[in-house]
Amino acid sequence: MVSFGKKINHLFREAQDIILQELPQPLDRVAITLIISLMVLTCLLFVGGGKTNPKVIDFSWQDKNIGAEDTAFILNFNRPMNHTTVEKNLTIEPSLPGKISWAGRRMAYTILESAPYGNQYTVKLSGAKERFYGVDQGEVMQPFQGSFKSRDRAFVYIGFEGEEKGRLVLINLSKEQLPILLTPKNLEVIDFKFFPEGKKILFSAVEKYDEVPSLLEQKIYTVTTGINSESLEEESKSSETVVKIEKILDNVDYQNLKFDLSPDGKVIIIQRINRQDVSDGGPWVLELGKEPRPLTNKEGKIQKGGDFLITPDSKSLAILQGEGTSIVPINPETDAGDLIFLPKFGRVLSFSPDASLATMVKYNQDGTRALYIVTNQGDEEEVLQTPAFGDIISAEFNQAKTILYCLLTELGNDRSEYQEKSYIAAIDIKRKFLRPLIILPNQREVNLDLSPDGLVLLFDQIVTISNPEEEEENRKINRLWMLPLDSKIPEDDSPWKLQPEELGLNGFNPQWTP
């Protein structure tokens, strides 16, 4: 390259001498000299490529807090790169197995499983070469190092006693903080749902008075959590936003019952009953910033129904109507579509993370329940049937859609006394094989939640506390437990040996932050 540059310089001087001899006019000489100078400079830049080595000019996850929905990052280079040398030298610590794809100078790294929460990650790349007339002739890139972190491993529950009773309590396991009370003493929380990313919570609550609070007096509120900011810069300021409460729906004219929040956080569906006319009841639509309205069809007729669940696209509602389940649009004017009625199923339990699968329950005439997996193409497959009078309370897919974590009930051995026992089980979907994990005797009201990264189950359990030194009766409290899923599900029929851990917290309805 150096000899070539000298040759260019020599030719430039020769051309300059010719110009001085052949062109008598000074203006002509200046113009031609400038043109030749620009041509020489262009040749030098083209051949030499400038003095900048190949490098990464953009990393899409730099200083970001990622969640389970984040599945790939992009590295953008300033030059075409030798793919083999990049893929060989790229490292991520801690390890995040994935696959690589290319589009010009952009490299996409798609992780195979969700990044475990509560970790700081470092991406390094050095020793890779640009693509220049062969593998060994390209320039070596400037070393690159980037960093990102996964969201905090945190959860929220409803307190059971003392100062926490009836209040939302936040536990951030990633920072080992003390419990944070998110709601005030005067509100008794009934239920709650997370907004996307977990920075805010939607909850229903009743005001506490001397008498026992009535479930029919619920109002709907939101509260900020101060966690899971999108970037490290926002995270440093997040403490300013904790415990900011806003009332978004009162109960003056209508009683508020069950509610659900759309996955995109823009739509709330609430079951409401007119205080003056109990026959006037049904689901209402509340879009943030707008007035609530009854759920209607294309003709404006009010939709009636029972239990419901918003679909993953946030545009439709799966609702119990008659002896089956209907899928109806939330906004029939803009999201027009044919009404889907599934007469076979009496309940929709959940959807897979990518919305391709749903779990539905069929109630059989012999008292059994059947759990089905239904695809978004309408195909259905039975994966479980309970014993007579058993029940399927909940079912949740893991990220890979290979396992269903279920809360199930069945009658005890003493059929003379109707007593249900609950248990947590994992269903190997491919093999349709059920593995009981934890038995929860003498209780039905259990809440189960799988962490977004699929590594931990969180649940509550009633525990009886006795004190032989006191004459008081045994006391029952709700304790929170964690079940780490730190090993792969066995491929054969052998038991999946997992060990639950008691958290030392009293509460119920624990839910992981997204």
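All of the numbers you see were taken from the coordinates with simple rules; none came from a lab. Values in this document were obtained by computation on a predicted structure and should not be read as measured data. Because the Cβ atoms are built from the backbone with ideal geometry, glycine has one as well, and the counts that use them run over all protein chains shown.
Using Cβ point charges alone (K and R +1, D and E -1), the dipole size of the stretch 56-150 about the Cα centre works out to roughly 180 debye. Each peptide in 452-461, 60-69, 487-496 was scored by the mean count of other Cβ atoms within 10 Å over its residues; highest first, the order is 452-461, 60-69, 487-496. Mean separation of Cα pairs under 8 Å and 6 or more residues apart, divided by the residue count, gives the stretch 247-330 a relative contact order of 21 percent. Residues in the stretch 401-408 carry Karplus couplings, in order, of 6, 9, 10, 10, 9, 10, 10, 10 Hz; the curve used is 6.51 cos²θ - 1.76 cosθ + 1.60 with θ = phi - 60°, and Gly or Pro positions show x. When each of 482, 81 is scored by the number of other beta-carbon atoms lying within 10 Å, the sequence from fewest to most is 482, 81.
Take every pair of alpha-carbon atoms less than 8 Å apart whose residues are at least six positions apart; their mean separation over the length of the stretch 56-150 yields a relative contact order of 34 percent.
Just report the Cα centroid separation between the stretch 427-456 and the stretch 480-514, whole Å. Comparing the Cα centres of the stretch 427-456 and the stretch 480-514, I get a distance of 8 Å. Qualifying GluC sites (Glu not before Pro) in the stretch 138-193, where qualification requires a DSSP coil assignment and no more than 15 other C-beta atoms within 10 Å, comprise 139, 161, 176. In whole angstrom, note down how far apart the Cα centers of the stretch 72-113 and the stretch 342-404 are. The stretch 72-113 and the stretch 342-404 have Cα centres spaced 38 Å from each other.
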